[in-house]
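Read through the structure below, which is laid out as structure tokens, and then see the notes.
The values are calculated or read from the model by the stated rules, or taken from the named source; none is laboratory data. In this text, all values refer to a predicted model and were calculated from it rather than measured experimentally. Don't worry about glycine lacking a Cβ; one is built from the backbone with ideal geometry, like all the others, and counts go over all protein chains shown. Note: accessible area is taken over every heavy atom of the protein model, side chains too, but ligands, DNA and RNA are not part of it. Shrake-Rupley method; radii C 1.70, N 1.55, O 1.52, S 1.80 Å.
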Amino acid sequence: MEQVKNPISDQVKEVVEAVMEALRVPRPDESSSPSAASSSFEAEALRSEILRVGRKLWERQYVDGNGGNISCRMGAKYVLCTPTMMSKRDMEPADICLSDLDGNIVAGDRARTSELLLHLEIYRANPRARAVVHCHPPYATAFSLTGTTPPIGLISEYEIFIGPAALANYETPGTQVFAETVLPFVQDHNTILLANHGVVCWSDTVTHAEWLVEILESYCKTCVIAKQLGKPLTFIPAPKIQEILALKRKLGFPDARIEPLPAEAPGRTSANPELESLVRQVISRLEEQP
Ligand SMILES: [Zn+2]
């Protein structure tokens, strides 16, 4: 049904958008010193997000011991990352390291994760990657032990958010050679199984990268259970998969079955993400009004 324009809604929308624009602040620029970047509002918000996601990974048993690591880009030249030798359940804000894009710690007292090299290769190769989560969820890691990736075409949510996962070759963790194993896949895949090791996912935020891990792990578990039922699997019909791929293009999600997405330059960020989300909800309500 065609929507009729409501001039009052349009005016309110303009005002709301102007308020939202006023709330936006530039990301720390090239001239930001490490200490200014480290104490910025954005760094504080990102550290909290990393801590929240770290606890989720531990609670869902996707990491054990000191395993797994999380990072996110901040502006054009910094990365916040988890420290080495620390459980993802026990981290405090001061434990999060600030690194440059070469892996040198520029703020923070702890040593960074050795897997930052892997994260940095992803950031360098794909500017759309703003956050990376690496962990060892059992079902997805089990697939990596068999040298296979989970089948595709079975569950729509998995197709939309992930689609075909990649499998990177085995190399010794923590080395530069290991970090580079993901390079052939990082443009077309947001989810990569690491042979005989675990998984790595990238997205626009740490929260969204962790969602990918959850979606992958649940999917791998469901595939294993479905196999055990001993009946042939039924797949989503090909035309319906095409509808999903059209949606992915619209959403800007990568998929090896569609053309590569354009690179995105680091943009501006919200000074208040919760308020911005609220404002977006108001705008979409206004747009829904007859
Ligand atoms: Zn690992």
Highest average packing first - 183-191, 127-135, 222-230, 111-119, Cβ atoms within 10 Å: 127-135, 111-119, 183-191, 222-230
Once phi for every residue in region 67-73 is put through the Karplus expression 6.51 cos²θ - 1.76 cosθ + 1.60 (θ = phi - 60°), the whole-Hz ³J(HN,Hα) values, with Gly and Pro written as x, are x, x, 7, 9, 8, 8, 7
With the full set of protein chains in place, find how many percent of the accessible area of region 116-184 is carbon and sulfur; take the probe as 1.4 Å. 60 percent
May I ask you to evaluate 6.51 cos²θ - 1.76 cosθ + 1.60, the Karplus curve with θ = phi - 60°, for each residue of region 206-211 and list the ³J(HN,Hα) values in order in whole Hz, giving x for glycine and proline? 4, 4, 5, 5, 5, 4
For Arg249 and Ser33, what is the calculated FRET efficiency with R₀ set at 35 Å and r taken between the beta-carbons, to the nearest 0.05? 0.30
For region 145-217, give the magnitude of the charge dipole about the Cα centre (Cβ charges: +1 Lys/Arg, -1 Asp/Glu; no others), in debye to the nearest 20. 180 debye
Its Cα gyration tensor gives region 163-219 an equivalent ellipsoid whose semi-axes in whole Å, largest first, are 19, 12, 11
Nitroxide proxy distance, nm - points 7 Å out along Cα→Cβ at Asn196 and Glu92: 3.9 nm
Counting Lys +1, Arg +1, Asp -1, Glu -1, what net charge surrounds Gly68 among other residues with beta carbon under 15 Å of its beta carbon? -1
Neighbour-limited loop hits for chymotrypsin sites (Phe, Trp or Tyr not before Pro), region 187-248 (at most 10 other Cβ within 10 Å; DSSP other than H, G, I, E, B): none
Ranked highest first by the average count of other Cβ atoms within 10 Å around their residues, in what order do 241-254, 37-50 fall? 37-50, 241-254
